[in-house]
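Take a look at the structure below.
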Amino acid sequence: MSRPRILVLADPKPQEMADRLAADYRITRDIADAGDVEIVLTTGGLGLSSAQMAALPALRLIAVNGVGVDAVDLEQARARGIQVTTTPDVLSDAVAEMALALALATGRRIAEGDRFTRAGNWAAGGKLGLGLPVLGRPAGILGYGRIGRRLAGMLRALGSQVLYTSRSEKPDSPDGFRPDAQALARDCELLFVTAAGGEDTRGLVGAAELAALGPSGILVNVARGSLVDNAALAEALAQGRIAAAGLDVVEGEPEVPQALLQAPNCVLTPHIGSATAQARRAMAQLVLDNIAAFTAGRPLPTPYGT
Ligand code: 8YV
């Protein structure tokens, strides 16, 4: 049987996984050359837009290398019976760890301290100001899915009180439920954004939530930039309405607003939450498993929504 053709919008990492993909499938990277293609490999960041999907009449599977599906036209996929798969669980540790790292980097001024030292200020007798403790302060999880729960477990193990908000209260959770983002921000001092992106969560963290978080509060976003109002955040950081922010994702990425680039109390990283060799290898393996199962007519290991 000839090797199936697939449209690849982004190679899985590490390279060995991309090589395995090339060995098992005939790859095209040109949507205009993919009219007969049944399978698309994309990432959480790239997704597959309405127009792209409409240009693929034979499409039957969208294999996402990631867990975010906010950039996939799910409505069109459902209407056309196109299956969507993601890579859940295997990246939860990495992304949750990144959230914790960003909280520590902001609270304890690690990025500022690095710049301060490299600029020769320490050698010149300068003193960097005090930071803020992270562990032991009430932590709020905005979005209690796989990543949010994993982060909650890490924080709980480190002695922090954990609160969360989600569409509904989770009876099995040992953490405190709050009905919405503002109530959560009011009752915590570290606010972690781990909810799914998309139009229904756009701007969940705005001026009101940041004011509720307060002047010693720290915001961390490892989910999607769309969840946080950039302008409100830049204002809150500049005016000291919150203490600091750690962002692995920003609305409009990879472009970042100047106000955030220039904010000394904002730590920025380039969407690397899942970027460890272990996580990316496991994600790529799941992608290959999903595509192989689809090709063989077997049940898909990680269909979206399960
Ligand atoms: C992916 C992500 O690695 O899972 C997601 O949706 O955003 C990341 O974990 C990213 O999409 C790769 O570009």
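No lab work stands behind these numbers, since they all come straight from the coordinates. Bear in mind that the values here come from a model prediction, so they are computed numbers and not experimental data. FYI the Cβ positions are ideal-geometry reconstructions off the backbone, even for glycines, and counts take in every protein chain you see.
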As a footprinting exposure proxy, order ASP24, ASP200 by other Cβ within 10 Å, with the fewest listed first.
ASP200, ASP24
Kindly provide the helix-only [θ] at 222 nm of the chain, computed as the sum of -39,500 (n - 2.57) over DSSP H runs of four or more divided by all residues, to the nearest 500 deg cm²/dmol?
-10000 deg cm²/dmol
The Cα extents of region 1-45 along the principal axes, largest first and rounded to whole Å, are 29, 28, 13
Quick check on the chain: what are the equivalent-ellipsoid semi-axes from the Cα gyration tensor, as sqrt(5λ), descending, whole Å?
38, 21, 18
Nearest-0.05 FRET efficiency for ASP89 and ILE272 at R0 = 22 Å, using Cβ-Cβ distance, is 0.70
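What list do you get for MET53, MET98, MET154 if you sort them by fewest beta carbons within 10 Å?
MET154, MET53, MET98
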Descending Cα extents along the principal axes, region 1-133, whole Å:
70, 31, 26
What is the order of PHE116, PHE294, fewest Cβ neighbours within 10 Å to most?
PHE116, PHE294
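At 20 °C and 1.002 mPa s, grab the translational diffusion coefficient of region 59-196 from Stokes-Einstein with a Kirkwood Rh over Cα pairs, rounded to a whole number in µm² per second.
Working: Rh = 17.3 Å.
Rounded to a whole number, D works out at 124 µm²/s.
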Divide the volume of the convex hull of the Cα atoms of region 92-268 by its number of residues and quote the answer in cubic angstrom per residue.
111 Å³
